[in-house]
1. Kindly indicate which of 60, 83, 37 is of a type in the set (Ser, Thr, Tyr) and within 22 Å of residue 218 (Cβ to Cβ).
2. Cβ-Cβ below 9 Å, separation at least six or inter-chain, first residue in the stretch 99-119 and over 18 Å from residue 38 (Cα atoms), second among the polar types (S, T, N, Q) and at pLDDT 95 or above: which pairs?
3. Would you check if there is a residue in the stretch 77-93 being assigned to a helix (DSSP H, G or I) and surrounded by fewer than 20 Cβ atoms within 10 Å (Cβ to Cβ)?
4. Select from the stretch 193-215 the residues that are within 19 Å of residue 228 (Cβ to Cβ) and either more than 20 Å from the chain's Cα centre (by Cα) or outside the structural domain of residue 240 (by TED's automatic domain parsing) (or both) and write down the one among them that is modelled with the lowest pLDDT.
5. Which residue is surrounded by the most Cβ atoms within 10 Å (Cβ to Cβ), if the candidates are limited to the stretch 231-264 and must be of a type in the set (Val, Ile, Thr) and touching a residue at least 40 places away in the same chain (Cβ under 8 Å)?
6. Could you please find all residues in the stretch 265-280 being farther than 14 Å from residue 191 by Cα and either touching a strand residue (DSSP E or B) at 6+ places or on another chain (Cβ under 7 Å) or without any contact (Cβ under 8 Å) to a residue 24 or more places away in the chain (or both)?
7. Among the candidates 47, 91, which residue alone is without any contact (Cβ under 8 Å) to a residue 24 or more places away in the chain and acidic (Asp, Glu)?
8. So which residues in the stretch 102-126 are buried (at least 18 other Cβ atoms within 10 Å of the Cβ) and among the aliphatic types (A, V, I, L, M), if there are any at all?
Amino acid sequence: MTSLQTHSRQGQPTEEARTPLAFKDIEIADKEAITAYTLTGQRRNCDLSFSNLCCWRFLYGTQYAEYEGWLLLKFRVEGRLAYMMPVGKGDLKQAVEALADDARREGEPLQIMGVCHDLCAELEACMPGRFRFEADRDYADYLYLRTDLATLEGKKLQAKRNHVNRFRRTYPDYEYLPITPQLVQECLEVEERWCRENNCDEQAGTGNERRALEYALRHFEELGLTGGLLRTGGQTVAFSFGMPICEDTFGVHVEKADTRIEGSYAMINMEFARRVPSQYIYLNREEDLGIPGLRKAKLSYQPAVVLEKYTAYDKE
């Protein structure tokens, strides 16, 4: 709770009166505190997955604070201070003003990321004209109906069914196994082969991705992740894992396959989707980062929603 000692003429607490937010670095031990906010709502943004918050904190310096019924997230993007749209219930204006105070203390402008379209309207309603909103298509999330990816039914997914059927005919001995600590090393070996085949060392950002992926695999159970791998001929050729983002959306955070094994991507995609609990309507397969091939692949699975995320820039 905050300690308010002085007020402006309008009765709003002044910057001096509002107790500074107590941000702290995110650790695995904070999983329960953070998911108490994220899992009970319908914010489908992949950035709110606890695994993503924890595994990528080395890059963004992600911190969190609890404030008057809200989860507040603070981080840096290419050195610039940023906050995530508050998650929770209560007085949204009060929560945003607390972020504005924190940004002033940091000597930087307030920018709030992860503001989906309906949340733009909420911000505008409680603080009219305060923000300028900009979306970046490269960071829009791809949401699919779980049943679509689990069954591949219908004409629109015929090509994907063909890939799966070809894989089954070519590798009739394949098996799908849940990822356990004992199988983590096999997943890391698939990642290593994938990197060699895709020239990871020559691509920007792949080093960060590998660091986040390895951390996730080595702390798989602690993070609350679930996933599976494909084996054929006694060798692991693909794996995928993720965790719930909110009450109706499950995040698929990683999917890797040996590109020499035709159909392995389509097969791990379907097998993993089949095992996601039926309470989840959507699978969030995250952004395409503006990579043409990745965008084409994500669109080919016919997303139900392309979830655009805006950044709100404070005009004051």
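1. 60
2. These pairs meet every condition: 103/111; 111/311.
3. The answer is yes, given that some residue of the stretch 77-93 is assigned to a helix (DSSP H, G or I) and surrounded by fewer than 20 Cβ atoms within 10 Å (Cβ to Cβ).
4. 194
5. Step one: of the stretch 231-264, the residues of a type in the set (Val, Ile, Thr) are 232, 236-237, 245, 249, 252, 254, 259, 261.
Narrowing the set further to residues that are touching a residue at least 40 places away in the same chain (Cβ under 8 Å) leaves 232, 236-237, 245, 249, 254, 259, 261.
Values: 232: 19, 236: 20, 237: 24, 245: 31, 249: 25, 254: 21, 259: 14, 261: 19.
Per the stated criteria, the residue is 245.
6. First, pick out the residues of the stretch 265-280 that are farther than 14 Å from residue 191 by Cα: 266-280.
Scanning the stretch 265-280 gives 267, 268, 269, 271, 272, 273, 275, 276, 280.
7. Of 47, 91, the one residue that is without any contact (Cβ under 8 Å) to a residue 24 or more places away in the chain and acidic (Asp, Glu) is 91.
8. 103, 110, 112, 113, 115, 119, 123
The values are calculated or read from the model by the stated rules, or taken from the named source; none is laboratory data. No experiment lies behind these values; they were computed from the predicted model shown. Positions of Cβ are generated from backbone atoms using ideal geometry, with glycine treated the same way; all protein chains shown enter the neighbour counts.
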